[in-house]
Amino acid sequence: PQNEIRLEDYRPTDFVLLTVDLAFDLDPQRTIVTSTIAMARREGVDREAPLTLDGDELEFVSLKINGVDAEPHAVTPDRLEIRGLPATGEFTLEIVTAIAPASNTKLMGLYSTNGVYCTQCEAEGFRRITYFLDRPDALAVYTTTIRADAKAAPLLLSNGNPVDSGVLGDGRHFVAWNDPHPKPSYLFALVAGDLGVVEDDFTTASGRKVKLAIYVEHGKEERAAYAMDALKRSMRWDEERFGREYDLDIFMIVAVSDFNMGAMENKGLNVFNDKYVLADPDTATDADYANIEAIIAHEYFHNWTGNRITCRDWFQLCLKEGLTVYRDHEFSADMRSRAVKRIAEVRLLKAHQFPEDNGPLAHPVRPRKYSEINNFYTATVYEKGSEVVRMIETLLGRDDFKKGMDLYFERHDGDAATIEDFVACFAEVSGKNLDQFFLWYEQAGTPEITVASQYEPSTQTLRLELEQSIPPTPGQSSKQPMHIPLRVGLFESNGEPASPRAIEGIEADGDVLNLRERTHTVRITGVKSRPAISVNRSFSAPVNVRQQQSDRELAQLARIETDLFSRWQALNDLAMRHLVSATQKAESGEAASANRELTDCLCAVLADRTLEPAFRAHAITLPGETDIAREIGNDINPDAIHEAREALVAQIASHGRDLFEEIAAETRPAGDYSPDAASAGDRALYLACMSHLAVASGDPSGPLSLYRSADNMTLLSGALAMLAHRFPRSPEAEEALADFEARYRDNPLVIDKWLTVQATIPGADALSRVKTLMDKPHFQLSNPNRVRSLIGTYASGNPTGFNRADGAGYDFLAGIVIDLDPLNPQVAARLLTAMRSWRSLEAARREKALDTLRKIARVEKLSTDVRDIVDRMIG
Ligand code: HT7
Ligand code: ZN
């Protein structure tokens, strides 16, 4: 592939940065950027070596060296080469460029959105502002002066602390900012415009008062209250759990409506997709509140894991992302229910990361090569990266893990570090050898562990045969055995946890078995009766487990496991097994048979008032259609899966009807809305019951009256989804959809929910519905939130609608990707990854998908983003 960057080619820069002074004369059509960089040749570097700076679509205006006009040796929009620089000592460069924020549709670099100037520099956006050493190991102290029209942009923000401001001629004004913490260019930020603000403060553990400010569009200030609360809780939590204090006088968050991803952790000035800041009961669901809390925390936590300690190069992306996801997961677990949080995390990991790891886009948590770094902000780097950190904690125990983190913060503060640096801290504090464990960063693919067991009553001995295998992935045909920490629990026939006398044949640490070989024969003595075996408790390792278990054994675990996560896992496995066999039946035209074991088991959990409602809501939600497809693995027929799942849902709904009525009555929301986890859990359970009741009755009037009486967005959108998905085209569904559109037409974030609900109505009709919605004024191809809500959810959240047998869904997506690519390649490439599991489809759909991918590949002028994805997908 073109321009492949390889980890082994990493070299430090020839020149080191000292300070960077930026001056922006803001104008939507022609902003002038003056960058004054103090730098020096690195010791030992060739005295003649030229300086090559990165650029991207830049207009070069002028260059000075030590204040004197100079000519570059070579200059293009993408590159500036300077020769003849001083052999020793410090020198300054002054580089002037011109850029056009108003026509920057890629939303990388400096762009304007709704009249607000804003930047996005990670990963390689700074080079769209000025020529620079735009790489994460080039750290410098920045001073930024922003000059702009005082009316259009009363607010001028950048990183660090404000140091100067004043009035200029022509109605313009300026503000200067200084960020004392050396940082790489990807953490630079500028925001300018006319925004409302919510202010607060936070006193750090050492008694420093920090000003907090969240900027939103005027009139939306009240909707930032929850984000502010989440920010203060995040700041306190990081002090208490990791001993990390905030380090500037001010911390700012800006919410913008055009943003390529969720949010960005720029030093002292986080920029957010407004979807992850704005919330009130009338416009945000419980899931929105939980996401806001998690993302506010995630970006704030980056201040230490990412900013104070950054990455040496982009191959080390998981150093900041995997670790920060781990930290935000822990935060949410402490704020909410740990078990429910873990279930939600694992559901997400299996839905997004497992398919990635099992398809043409599979890559190690730390990749060794890339041709477009934007395509490596993946579930593997983020979510699997977090699981790898969690495994380190499992291996070391909480105390040594904390010591390792302390050492990491102390030793690498101010560094651009590597994964090796990180892992070395844990090896050092614990005395454990983590060499084999390091393979988790290097080998792609989800390990599979097969478990066979044999119990000998005469000797009260359980024999476990454990075997690990890791499937081949692109560029890695054979794999070495990994160090896998596998939590295993045994439950005797009386339901009590077993207390074994000895465990032989493997290194065991409490309930953690350390798998290191391809196979282990484990002898566990002192087990008084044939036990139920619970493997991978709490999801101690991101692996697939294959274990021969009867329905009875799974049902037993679902009743007696003391680890709540594993209770859910047992139920889920039991349901999955029936869903897979029902799919096989659907494929051969047979009706799915009723399954009492499963329905009784689900009803028992539903009826168990000692279990928290959020857990019960998860427990009675069957695996989704894409989960079932993943389990089946190949020759997928999405229509058969849909039919099978619907049949099982109907069985459960009719079998448990009275119980659903009872629990719905118990959990029916009353009183004022509160976003706390317990209230959200009640609502989740209530909605799950109402949905089953709608199925059991086949009558849309229940969801319609729920829709009409709902006084918050969680219930309203839940009822809307029930109507649209269960009773499409019914007058009741049409009434609710029309009402929702009329009520929220002026609120794009809520209209996104309306788009998503319709894009995910199952069945072949979905395509024409999506096309019609694209013509509505609400939809704009230039806005990533709209594109994701309509096209993204259609392609990745509607298996029957998208995977139409005639291939029209694939061709439609290809058309959008090709149209969007010149405007916003990052979003276009991400949309296309919806097809990453195309090889698992049945033959006819597989062929259609391949035809579509080839059609995209034949387009001559593709961005590097889309080219990279399509090439890897075709393989
Ligand atoms: N570190 C950030 C990742 C990011 C990004 C955000 C917005 C637009 C483009 C981006 N490229 C990379 C977000 C995070 O993980 O915290
Ligand atoms: Zn992050």
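Each reported figure results from applying straightforward, stated rules to the coordinates on display, with no laboratory input. Computed from a prediction, not measured in an experiment: that's the story for all the values here. Here the Cβ positions follow ideal geometry from the backbone for every residue, glycine too, while neighbour counts run over all protein chains shown.
For the pairs Lys403/Lys432; Lys106/Lys183; Lys106/Lys861; Lys585/Lys848, note any where the Cα-Cα span goes beyond 18 Å. Those over the limit are Lys106/Lys183; Lys585/Lys848. The mean sequence separation of alpha-carbon pairs under 8 Å and at least six residues apart, normalised by the residue count of the stretch 448-537, gives a relative contact order of 36 percent. Pull up all non-local amide H partners of Cys311: gap of 5 or more, or a different chain, and H-to-H distance under 5 Å with H placed in the peptide plane. For Cys311, the qualifying residues are Ala417. Each peptide in 357-364, 51-58, 524-531, 668-675 was scored by the mean count of other Cβ atoms within 10 Å over its residues; highest first, the order is 357-364, 51-58, 524-531, 668-675. On a straight-distance basis, which aspartates and glutamates could pair with Lys341 in a cross-link, Cα separation under 12 angstrom, same-chain partners fewer than 8 positions away excluded? Within reach: Asp328, Glu330. Of the peptides 420-432, 297-309, 467-479, the order by per-residue mean of other Cβ atoms within 10 Å, starting with the highest, comes out as 297-309, 420-432, 467-479. Counting only aspartates and glutamates at least 8 places from Lys528 when in the same chain, those with an alpha carbon closer than 20 Å to its own are Glu456, Glu465, Glu492, Glu496, Glu504, Asp511, Glu553, Glu561.
Compute the acute angle (0 to 90°) between the alpha-carbon long axis of helix 748-759 and the principal axis of greatest extent of the alpha-carbon atoms of the chain; round to the nearest 10°. That helix lies at roughly 40 degrees to the long axis. One quarter of the convex hull surface built on the alpha carbon atoms of the chain amounts to 36.7 nm², the projected area averaged over directions. In this calculation the C-beta distance from Ser477 to Ser165 is compared with R0 = 60 Å, giving a FRET efficiency of 0.50.
Spin-label model, Ser62/Arg411: points 7 Å from Cα along the beta carbon direction are separated by 4.9 nm.
At R0 = 56 Å, how high is the FRET efficiency between Asn747 and Ser458 if r is their beta carbon distance? Nearest 0.05 is fine. So, using R0 = 56 Å, E works out to roughly 0.20. In the chain, helices alone account for a calculated mean residue ellipticity at 222 nm of -12000 deg cm²/dmol, with every DSSP H run of four or more residues adding -39,500 (n - 2.57). Compared with the dominant Cα axis of the chain, that is its longest principal axis, helix 843-858 is turned about 0°. Please report the antiparallel percentage of the DSSP beta bridges confined to the chain, to the nearest 5. For the chain, the DSSP antiparallel bridge percentage is about 80. Shape verdict for the stretch 355-508, please, from the Cα gyration tensor: rounded (a/c under 1.5), prolate (a/b greater than b/c) or oblate. Judged from the Cα gyration tensor, the stretch 355-508 comes out oblate (a/c at least 1.5, b/c at or above a/b). When both the stretch 354-411 and the stretch 160-184 are represented by their alpha-carbon centers, they are found 37 Å apart. Treating r as the C-beta distance of Val45 and Ala102 and R0 as 35 Å, the FRET efficiency rounds to 0.30.
Between Asp249 and Arg501, the simple label model (points 7 Å from Cα in the Cβ direction) yields a spacing of 7.1 nm.
Restriction of the GluC sites (Glu not before Pro) in the stretch 588-694 to DSSP coil positions whose beta-carbon has at most 13 other beta-carbons within 10 angstrom yields Glu590.
Judged by the ratio a/c of the largest to the smallest principal axis of the C-alpha gyration tensor, the stretch 448-537 counts as prolate, that ratio being 1.5 or greater while a/b is larger than b/c. The gain in end-to-end length when the Gln29 to Arg729 segment is fully stretched comes to 247.3 nm, 0.36 nm per residue minus the alpha carbon separation.
Highest mean packing comes first when the peptides 505-513, 819-827 are listed by Cβ atoms within 10 Å, giving 819-827, 505-513.
Working note: Karplus 6.51/-1.76/1.60 with θ = phi - 60° gives the stretch 10-15 the couplings 4, 9, x, 5, 6, 10 Hz, where Gly and Pro are set to x.
In terms of its alpha-carbon gyration tensor, the stretch 583-632 comes out oblate; a/c meets the 1.5 threshold, while b/c is at least as large as a/b.
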